[in-house]
Amino acid sequence: MKWFWGAGVPGERPAYGHPATTFRVAFSSMIELPVPPTLCQPSVSVRTSYLIGEQADMLHRDSDTSWLTAASRDFDAFVAKRVGVRERWGVPSELFWYTSNEYYIGSLVIRHELSEDEGGGHIGYHVVYPWQRQGYATRMLREALGRCAALDIRHALLTVAPDNAASLTVVDRCGGVADGVNEEGELRFWIDTRLPSRSSAVHAAR
């Protein structure tokens, strides 16, 4: 799986001294967001929550955090390189951050075209660890499907690792139809971006 194509949501671990069920309930009700989150262009306004959120996510997944050093030193430049439609993975694509005012929740990329091998599909997304298991990945993907419809992408392709149960659930909730396995061993799914349940998201994206 390249970068964050599909939502990587590892299993939660309970806080010290608390059973897992208690931890999940407390965690999901800990913060009330000021406004409903939405996909937007990367912005310096979420600097602190972006850096903290991504650092927590990298540490939780035992991944390399070195890229955060450069990002923290010059966040303005970091953001500027991520705004607008740019060529990534050999195709035009656009990066969005899922935010609620100063709160950064996750990232999502829409590829305007499929790469030659169709690896990664049209949409890739992730929710950072502090905000996982609260329904944000599903909402983020639904909004992205509306944006795809506005780009005349009639059917969006998503690829998911077979062992990523959380992301498989998200894709299923959004109407994913299975279409075999790609060369990297990831499951392929097509989603009709014009389904009635996403009409409001299409309108919002225009």
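The values are calculated or read from the model by the stated rules, or taken from the named source; none is laboratory data. Remember, predicted model here, so these are calculated numbers, not experimental data. Positions of Cβ are backbone-derived with ideal geometry, glycine not excepted, and every protein chain shown enters the neighbour counts. In case anyone asks, the SASA skips ligands and DNA or RNA and just uses the protein heavy atoms, side chains included. Shrake-Rupley method; radii C 1.70, N 1.55, O 1.52, S 1.80 Å.
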Item to check | Cα-based convex hull, the range 75-206, per residue volume (Å³, whole number) | outcome: 121
Item to check | Surface accessible to a 1.4 Å probe, per residue, for the residues of the range 52-135, Å² | outcome: 45
Item to check | Two-site FRET efficiency, THR38 against VAL83, from Cβ-Cβ distance with R₀ of 22 Å, rounded to 0.05 | outcome: 0.85
Item to check | Residues whose placed amide H lies under 5 Å from that of GLY120, excluding near-sequence neighbours | outcome: none
Checklist outcome for this item: Going residue by residue through the range 35-41, the Karplus relation 6.51 cos²θ - 1.76 cosθ + 1.60 with θ = phi - 60° gives ³J(HN,Hα) values, rounded to whole Hz and with x marking Gly or Pro, of 9, x, x, 8, 6, 8, 5
Next on the checklist: Using 0.36 nm times the number of residues separating GLU116 and THR169, minus their current alpha carbon distance, what extension gain do you get?
Outcome noted: 16.4 nm
Item to check | Dipole axis of the range 30-162 (+1 Lys, Arg; -1 Asp, Glu on Cβ), positive-most option in LEU158, ASN101, SER72 | outcome: ASN101
Next on the checklist: Tell me the carbon and sulfur percent of the accessible area for the range 100-197, rounded to whole percent, probe radius 1.4 Å.
Outcome noted: 47
Item to check | For GLY176, residues with placed amide H under 5 Å, excluding near neighbours | outcome: none
Checklist outcome for this item: Applied in sequence order to the range 51-60, the curve 6.51 cos²θ - 1.76 cosθ + 1.60 (Karplus, θ = phi - 60°) yields integer Hz couplings, x standing for Gly and Pro, of 5, 5, x, 5, 5, 4, 5, 4, 5, 4
Checklist entry - When the Karplus curve 6.51 cos²θ - 1.76 cosθ + 1.60 is applied with θ = phi - 60°, which whole-Hz ³J(HN,Hα) does each residue of the range 162-168 get, with x for Gly and Pro? => result x, 8, 8, 4, 5, 5, 4
